[in-house]
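Encoded as structure tokens, the structure appears first; notes follow it.
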Amino acid sequence: MTPRLVVLHYTAMASFAEARARLCDPAHEVSAHWLVDVDGRAEALVAEGRRAWHAGAGAWGGCTDVNSASVGIEIQNDGSSPFPARQMAGVERLLADVLGRWGIAPEGVIGHSDMAPLRKQDPGRRFDWRALASAGLSVWPEDRVAKAQGFTSWAAEFGYRGPEDAVLAAFRLRFRPWGRGPVSAVDAGLMQDLATRFPAVV
């Protein structure tokens with residue numbers, strides 16, 4: 001396997017030890033390549049060149065078997081708490097290593113919610129995507145407005161797959177967590193910018 005994507009998750013569990021036990025237990029049929037604790041320490045659980053069961057059903061761009069095309073990073077978080085600065089620093093260090101090792105571009109770093117908008121919300125609205133983008137480890141849209149009717153087609157060009165309401169929710173979770181209501185000109189403008197500069201290549 002040659003990874004083309006990195007998928008970020010939160011564990012939704014109370015502790016690192018509990019998450020590690022779950023991810024290493026074959027009975028649960030879930031695994032990830034890396035697990036990052038709240039202090040920033042990263043532990044390898046599955047070799048990056050091997051398939052891990054972290055993504056499940058979903059797609060990004062033309063990739064419908066995300067497990068076979070990605071490195072999965074689980075981040076210890078209960079799903080509602082902030083991500084500590086030391087943990088974010090650890091995620092950034094790990095991402096820089098993974099992207100460099102496999103030649104993955106920043107636009108290849110996505111959230112579980114991005115590739116499975118009907119099922120998942122992680123890494124959630126508390127995760128600092130803008131910080132990753134500032135470090136060159138992910139992407140962030142430039143402010144602009146556009147016709148709301150173009151949102152769905154631009155979303156597909158960027159990589160999202162699914163019905164508009166689910167894609168809008170996933171997009172806002174990552175880029176506009178304060179957004180409410182139907183697709184706006186701001187939503188459409190941000191998505192147009194992402195699709196223009198970072199079209200999905202997988």
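Assorted remarks:
- Residue, nearest to V201 (Cα to Cα), within the stretch 165-181, restricted to residues that are outside any helix (DSSP H, G or I) and either touching a Lys or Arg at 6+ places or on another chain (Cβ under 7 Å) or open to solvent by less than 60 Å² (accessible area, probe 1.4 Å) (or both): R176
- Residues considered: V30, V46. Of these, the only one that is within 23 Å of D114 (Cα to Cα), modelled with pLDDT of 95 or more and of a type outside the set (F, W, Y) is V46.
- Filter result for the condition that a residue is touching a strand residue (DSSP E or B) at 6+ places or on another chain (Cβ under 6 Å), open to solvent by 20 Å² or more (accessible area, probe 1.4 Å) and aliphatic (A, V, I, L, M), over A42, A12: A42
- Remark: S113 falls outside the filter, which requires a residue to be under 21 Å from W60 (Cβ atoms), within 13 Å of the chain's Cα centre (by Cα), polar (S, T, N, Q) and in a loop (DSSP other than H, G, I, E, B).
- Filter result for A19 (in contact (Cβ under 8 Å) with a residue 12 or more places away in the chain, small (G, A, S) and part of a loop (DSSP other than H, G, I, E, B)): no
- Matching residues in the stretch 56-88 - criterion: being open to solvent by 40 Å² or more (accessible area, probe 1.4 Å) and part of a helix (DSSP H, G or I): S68, A85, R86
- Test result for G162, surrounded by 13 or more Cβ atoms within 10 Å (Cβ to Cβ), in contact with a Lys or Arg (Cβ under 8 Å, 6 or more places away or on another chain) and assigned to a loop (DSSP other than H, G, I, E, B): no
- Taking the criterion of being assigned to a helix (DSSP H, G or I) and open to solvent by less than 10 Å² (accessible area, probe 1.4 Å), the residues of the stretch 130-153 that qualify are L132, F151.
- When the test is whether a residue is open to solvent by less than 10 Å² (accessible area, probe 1.4 Å), closer than 19 Å to L5 by Cα and either touching an Asp or Glu at 6+ places or on another chain (Cβ under 8 Å) or modelled with pLDDT under 95 (or both), A116 does not pass it.
- Residues located in the stretch 22-38, provided they are open to solvent by 60 Å² or more (accessible area, probe 1.4 Å) and farther than 16 Å from P123 by Cα: R22, C24, P26, A27, H28, E29
The values are calculated or read from the model by the stated rules, or taken from the named source; none is laboratory data. Only a predicted model underlies this, so the values are computations on that prediction, with no experimental measurement involved. Cβ coordinates were reconstructed from backbone atoms using ideal geometry, including for glycine residues, and neighbour counts include every protein chain displayed. Side chains included, ligands, DNA and RNA excluded: accessible areas come from the protein's heavy atoms. Shrake-Rupley method; radii C 1.70, N 1.55, O 1.52, S 1.80 Å.
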